[in-house]
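The values are calculated or read from the model by the stated rules, or taken from the named source; none is laboratory data. Here the structure is a predicted model, which is why all the values come from computation and not from measurement. All Cβ positions, glycine included, derive from the backbone under ideal geometry; neighbour counts span all protein chains shown.
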Amino acid sequence: MSSKYARRVEPRINGKLNNLRARLPLVEPVLTDKPTLMARSQQWVKEPLPISRPLQNLTNAEPSLYEDLVEDRYGLSIRLGQERARASLLRLALEPWIGRSTGSTAYPSSPQETRSSAES
């Protein structure tokens, strides 16, 4: 069974995810993908303590976004913090797992399934 959590979109947090996955490999973050970051550029802030080191435990598109952030492709040391995300966005992203707004008890098997549900 995988665990879900919301995290900031920033290089330093990718490092924490990397460390967490070394112990809990099935952990999956939510709202930490490139489309989420790019759609909220007005909520970017400067990361005061950026990191740049190899991370072995990232999966799927995470290494690509980490590299983009480390290389400052979107701005100097930017980050999107979960404290800036609307609660409604987080509820929408987590709804497939908690099933409260629809009363559903069906759980998605992957983050991709969640994203496609949230985009509909």
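Of the strands (runs of 3 or more DSSP E) contained entirely in the stretch 1-84, those carrying at least 1 residues that are at pLDDT 85 or above fall at 44-46, 78-80. Scanning the stretch 61-71 for any residue that is touching a Gly at 6+ places or on another chain (Cβ under 8 Å) and not small (Gly, Ala, Ser) turns up nothing.
A count restricted to the stretch 85-97 and to residues that are surrounded by 13 or more Cβ atoms within 10 Å (Cβ to Cβ) and outside any loop (DSSP other than H, G, I, E, B) stands at 8.
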